[in-house]
Amino acid sequence: MDNQGDKSGKTPNLDNYVVKDPEAFARNVAHMIEQAGKAASAWVEPREKGLKRDTLADPVTDVVKTLSKVSEYWLSEPARALEAQTKLFSSYMVIWSNSIRRMSGEEVEDIVTPDKGDKRFTDEDWGKNAFFDFLKQAYLVTARWAGDLVENAEGLDDHTRHKAAFYVKQITTAASPSNFLLTNPELYKETVASNGENLVRGMKMLAEDIVAGGGDLRLRQSDLTKFALGENVATTPGKVIARSEVAEIIQYEPATKEVFKRPLLICPPWINKFYILDLNPEKSFIKWAVEHGHTVFVISWVNPDQRHAMKDWTAYINEGLRFGLDTVEKATGEKAVNAIGYCVGGTLLSAALALFAKEGEERIKSATLFTTQVDFTHAGDLKVFVDEDQIRALENAMSAEGYLDGTRMATAFNMLRSGDLIWPYVINNYMRGRDPVPFDLLYWNADATRMSAANHSYYLRNCYLDNNLVRGMMKLAGENLSLGDVKIPIYNLAAKEDHIAPALSVFTGCRYFGGDVTYVMAGSGHIAGVVNPPAKNKYQYWTGDKPVGAFDEWLAKAAEHPGSWWNHWEKWIEAQDGARVPARIPGENNMEILAEAPGNYVRVRV
């Protein structure tokens, strides 16, 4: 592998590790300490004033409890513990022996190498320099050994094993030598070359990010100053034509003379903001749909505060989805609508369809689900955060304010891919002192939303904890819901590498609907698998037989197609009803224009 460097024993250039100007270096260290003091003050001040209350105790307690169950297995039998320790220390001795042999000029292969795609150890001195090479290999061996302890521990239930593996992954990722100045050759050399100026800049950025977070670290992943809603993000022209306490309804301006007779209503997740479907003109699904003849309406959820504490799923259905259907009918006169739900927006849509079936509400004639779970048996890594103890602790925390702070949810999502979404930015921002580059996707990712207490509690308990929707035990508006009552056609899109709504989980959920379900699996993950415009010609998608039986068997027989699934979906939509009518203009039929798209609710930041 290229990133292993030269194993011939060639001595690296040690001059790169020697401070050239001790006086300047000392001066910058003093400035760094000054900035560190400002960072500490930014953290302490809101706590001294009672404006910030730490909630670390509960998650830390759960980590300790979970890992204690793994330790109990290995320590309960001395021979077993000795075997595990011997395995680790023997690996250390091999690494040490290889280092000695390499220093004497002998070519020796590493006993462990980074996984494919691991970008942490690309600097050549991770291979050439014996010290850093030893650190790298010792770390990789230890991390994999710790993972094996979880995997091989007997007597753990599936949830505990899942949590333990996740926590070990978080700990080992955080402990990587690439994350520390003195154990990362690239950081070390940069610090020496700049006489520590990078540390001054980094500590200044750290203080700024703690101030921005109101006493918590708001890790910047993108240069947020380069984006503005309605200017270079969320730019598809449209109007807000209706507003409830929980939702604004946006109608987009047509781009064709004729449009599908059936309007399209999109129900995005409230866990983040709708403009993931309208990042920029090249990536926008909304713009693409408008250009392909759809009259597009989008629900833009409110960013809730204390006033919305009791807004539960019934409220989100009535004041969001049902309100959206009413608005579409008033604006267009149509009582037949195509609907899309994305992620938890798709779960809400599915539950609403089951409720509507009982009520005789028939305006939604087809539903498309983007990376949506209705059966949470095989739910993704977010399930790590869901059990009775953790939900109860979260409910206690939400009771004080009436909502879950958006930064907590954003942190949870970032932890799912901490090696990509946390530590590279910690290194870049606070050790290298570099501003992150502008990136619209990460701007959206940082635009966090709060969750109303009643909504979030209902979601966690009924979906992740008790899996009530597919058990026929979910109750809304006094009705027990059954997905079997949903007879309309469903286009169910999964993503192959999705860690939030795994493809297997989406596939398993198909069997519970009462009508015809078309299952399609896109390449890539939860975002890129969905937001994949055809013009980019990226990734691929799979289509196959009806989604019954084993997922692996379906996939083995599925046909792979290059590029985006969007055109495939368009043909499916047209097959439902291809009738066309003259284009509709926002504001027709005496609809009041309340705001320009993307509206007011989406602009509220946390």
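The values are calculated or read from the model by the stated rules, or taken from the named source; none is laboratory data. Note that the structure is a prediction, hence the values are computed from the model and not measured. Counting neighbours? That spans all protein chains shown, and the Cβs are built from the backbone with ideal geometry, glycine included. Protein only, heavy atoms only, side chains kept; ligands, DNA and RNA dropped before computing areas. Shrake-Rupley method; radii C 1.70, N 1.55, O 1.52, S 1.80 Å.
General observations
- Residue list for the range 143-178, filter: more than 20 Å from K87 (Cα to Cα) and without any contact (Cβ under 8 Å) to a residue 24 or more places away in the chain: D157, D158, R161
- Here E154 fulfils each of the conditions (1) crowded, with 18+ Cβ neighbours inside 10 Å; (2) within 21 Å of L88 (Cα to Cα); (3) among the acidic types (D, E) apart from (1).
- Answer residue from the range 571-585, given it is open to solvent by 20 Å² or more (accessible area, probe 1.4 Å) and either within 34 Å of the chain's Cα centre (by Cα) or without any contact (Cβ under 8 Å) to a residue 12 or more places away in the chain (or both) and is nearest to K365 (Cα to Cα) among those: Q576
- Scanning the range 435-459 for residues that are hydrophobic (A, V, I, L, M, F, W, C) and under 21 Å from E319 (Cβ atoms) turns up M451, A453, A454.
- When residues of the range 290-339 are limited to those that are within 22 Å of S350 (Cβ to Cβ) and polar (S, T, N, Q), the one surrounded by the most Cβ atoms within 10 Å (Cβ to Cβ): S300
- Flag if P263 is touching a Cys at 6+ places or on another chain (Cβ under 7 Å) and open to solvent by less than 40 Å² (accessible area, probe 1.4 Å): no
- Tabulated pairs, the range 39-64, first at pLDDT 80 or above and among the hydrophobic types (A, V, I, L, M, F, W, C), second assigned to a helix (DSSP H, G or I) and open to solvent by 80 Å² or more (accessible area, probe 1.4 Å), C-beta under 6 angstrom, 6+ apart or interchain: A42/V211
- Helices (runs of 4 or more DSSP H) contained in the range 300-375 and holding at least 2 residues more than 27 Å from the chain's Cα centre (by Cα) and not hydroxyl-bearing (S, T, Y): 323-332, 344-359
- Exclusive hit being among the acidic types (D, E), open to solvent by 30 Å² or more (accessible area, probe 1.4 Å) and touching a helix residue (DSSP H, G or I) at 6+ places or on another chain (Cβ under 9 Å), set E231, E248, E186: E186
- Test: A412 is free of Cβ contacts under 8 Å to residues at least 40 places away in the same chain, in a helix (DSSP H, G or I) and open to solvent by less than 40 Å² (accessible area, probe 1.4 Å): yes
- Residue that is most open to solvent (accessible area, probe 1.4 Å), among those in the range 198-228 that are assigned to a helix (DSSP H, G or I) and among the acidic types (D, E): E208
- Checklist (1) surrounded by fewer than 19 Cβ atoms within 10 Å (Cβ to Cβ); (2) within 16 Å of the chain's Cα centre (by Cα) applied to I422, failing item: (1)
- Being within 28 Å of L67 (Cα to Cα) and assigned to a loop (DSSP other than H, G, I, E, B) is a property that does not hold for R161.
- Tabulated pairs, the range 469-497, first more than 16 Å from G346 (Cα to Cα), second part of a loop (DSSP other than H, G, I, E, B) and among the aliphatic types (A, V, I, L, M), C-beta under 9 angstrom, 6+ apart or interchain: G472/L481; M473/L481; K475/L481; N480/M473; N480/M474; E497/A528
- Residue list for the range 36-93, filter: β-branched (V, I, T) and under 28 Å from the mean Cα position of the chain (by Cα): T55, V60, T61, V63, V64, T66, V70
- Any hit, the range 381-392, residues being out of contact with any helix residue (DSSP H, G or I) (no Cβ under 8 Å at 6 or more places or on another chain), of a type outside the set (D, E, K, R) and part of a helix (DSSP H, G or I): no
- Inter-residue pairs, beta-carbon under 9 Å, first at positive phi and in the range 542-570, second open to solvent by less than 30 Å² (accessible area, probe 1.4 Å) and at pLDDT 95 or above, 6+ apart: G563/N532; G563/Y541
- Unmet requirement for V259, which otherwise passes all of (1) part of a strand (DSSP E or B); (2) out of contact with any His (no Cβ under 7 Å at 6 or more places or on another chain); (3) within 28 Å of W572 (Cα to Cα): (2)
Here is a yes/no grid of residues against (1) in contact with a Gly (Cβ under 8 Å, 6 or more places away or on another chain); (2) at pLDDT 95 or above; (3) among the charged types (D, E, K, R):
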{"position": "T66", "(1), (2), (3)": "no, no, no"}
{"position": "L75", "(1), (2), (3)": "no, no, no"}
{"position": "R80", "(1), (2), (3)": "no, no, yes"}
{"position": "E83", "(1), (2), (3)": "no, no, yes"}
{"position": "I95", "(1), (2), (3)": "no, no, no"}
{"position": "S99", "(1), (2), (3)": "no, no, no"}
{"position": "R102", "(1), (2), (3)": "yes, no, yes"}
{"position": "G105", "(1), (2), (3)": "yes, no, no"}
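- Residue ID - modelled with the lowest pLDDT, chosen from residues in the range 1-37 that are open to solvent by 60 Å² or more (accessible area, probe 1.4 Å) and in a loop (DSSP other than H, G, I, E, B): M1
- Exactly one residue among R80, R53 is open to solvent by less than 60 Å² (accessible area, probe 1.4 Å), farther than 18 Å from T172 by Cβ and not β-branched (V, I, T), and that residue is R80.
- Residues of the range 102-143 satisfying the condition of being in a helix (DSSP H, G or I) and loosely packed, with under 15 Cβ neighbours inside 10 Å: M103, F131
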